[in-house]
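Down below is the structure, laid out as structure tokens.
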Amino acid sequence: MSVSGLPPYDPQNIFARILRGEIPCKAVLDTEHALAFHDISPLTPTHILVIPKGEWVSAADFHAGAEPAAIAGFWRAVARIGQPLEAGGYRILSNMGPDAGQEVPHFHVHVFGGQPLGPMLKRG
Ligand code: 5GP
């Protein structure tokens, strides 16, 4: 069990395999603490995923367990991805667990941009 109550980290998840180089990705940023790459099925003109390099299922897991440098390094990577989109605007989003429809159980942030993004969520 992860600290958040989600299942334990699965080292065979697709992002773990991308980190190990077993599956290719279109990387845009690779740092000591984070990898950013294009989503395979983009929902907006810019749709980039940013993942920490450690084995964390969720935000709760990551922020409870990762070293401060890893946490800072991850969020700096997210900010670096967002920075060129800032003038037009962009959105960061992270899904955790079943109600959010988290598909890949490795903590990640989506960076969406390149078009007006509409309301954050639909009501109802
Ligand atoms: P989640 O629903 O977990 O927040 O989002 C997972 C995202 O990972 C989805 O947007 C999906 O399109 C993306 N994805 C799933 N498999 C792959 C893959 O093999 N490569 C890349 N680049 N993205 C993937």
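The values are calculated or read from the model by the stated rules, or taken from the named source; none is laboratory data. This is a predicted model, so every value here is computed, not measured. We place every Cβ from the backbone using ideal geometry, glycine too, and count neighbours over all the protein chains shown. Heads up: the accessible areas ignore ligands, DNA and RNA and are worked out on the full protein's heavy atoms, side chains in. Shrake-Rupley method; radii C 1.70, N 1.55, O 1.52, S 1.80 Å.
Observations on the structure shown:
- Considering only alpha-carbon pairs that sit under 8 angstrom and 6 or more positions apart, the relative contact order computed for the stretch 27-113 is 36 percent.
- Angle between the chain longest axis and helix 68-82 axis [Cα atoms, degrees, rounded to 10]: 20
- Against the rule of thumb 2.2 N^0.38 Å, how large the Cα Rg of the stretch 32-73 comes out: 1.32
- Using the average count of surrounding beta-carbon atoms within 10 Å as a protection proxy, the listed peptides 72-80, 47-55 rank, highest first, as 47-55, 72-80.
- Our estimate of slack between D30 and V3, defined as 0.36 nm per intervening residue step minus the Cα-Cα distance, is 7.0 nm.
- In this entry, the stretch 27-113 is assigned a mean projected area of 5.5 nm², taken as a quarter of its C-alpha convex hull surface.
- Solvent-accessible area of the chain (1.4 angstrom probe, protein heavy atoms only): carbon and sulfur portion equals 57 percent.
- Solvent exposure, largest accessible area first (probe 1.4 Å, DNA, RNA and ligands not counted), of D99, D61: D99, D61
- Solvent-accessible area per residue, Å², over the chain with all protein chains present [probe radius 1.4 Å]: 60
- Alpha-carbon centroids, the stretch 6-59 and the stretch 90-124: separation in whole Å: 15
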